[in-house]
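Step one of this worksheet: look at the structure below.
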Ligand SMILES: [Zn+2]
């Protein structure tokens, strides 16, 4: 990382980024750890995100799955169990704050970690939460039910709840590992 201006075409102005030639070198590197480090680096140009999201190494794709600057087509690819076969990548996508409608395909996976992440993901749609509310795992069904109840309350009702309950229902995004 050279610390020069963010690369041309970067989706965000990122301090601590690097220039276009650095991105090319990193993405083309034969070293998995160099590509994984690039996948964590801020200010990625879109072409680099595309390349890293399709990287043959699941370690690299798992780093990409933590990014907030993924395009819709990349979100679709990484959260699709038919196209993304690595469980770590899918588990990370299950708690991605921009997951939304893609939660339903992930919910169909028989993976308890994925289902727990989905139940705690504020972007999971109510239809998916309803299905998870009947899950046999208590951590899944409790979180899903709490979120459905929270969604059904109006602002006045929410105001009257104890502070602890209110912050639980607000369901912060899952912590990063
Ligand atoms: Zn550079």
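Here are a few things to note about the model shown:
- If you run the Gaussian network model on the chain, springs between alpha carbon atoms under 10 Å, then out of 116, 166, 102 the most flexible one is 166.
- The length gained on full extension between residue 87 and residue 37, counted as 0.36 nm times the residue separation minus their Cα-Cα distance, comes to 16.0 nm.
- Each of residue 134 and residue 25 was given a label point 7 Å from its Cα along the Cα-to-Cβ line. The distance between the two points is 5.7 nm.
- Calculated on alpha-carbon atoms, Rg and Dmax of the chain in Å: 18.4, 57
- Fewest-first ranking of 113, 140, using other Cβ atoms within 10 Å as the exposure measure: 113, 140
- Of 91, 35, 83, the one that fluctuates the most in a GNM where the chain has Cα springs shorter than 10 Å: 83
- Tilt relative to the chain, helix 138-152 - C-alpha long axis, 0 to 90 degrees, to 10: 80 degrees
- Here the scattering of the stretch 106-151 is modelled by Debye summation over its C-alpha atoms, one equal scatterer each and no solvent; at q = 0.16, 0.23 Å⁻¹ the log10 of I(q)/I(0) is -0.30, -0.65.
- Long-range Cα-Cα pairs in the stretch 54-155 (distance over 18 Å), rounded percent: 43 percent
Every number here is computed from the coordinates shown, using simple stated rules; none is lab data. Quantities reported herein were computed from a predicted structural model and do not represent experimental measurements. Positions of Cβ are backbone-derived with ideal geometry, glycine not excepted, and every protein chain shown enters the neighbour counts.
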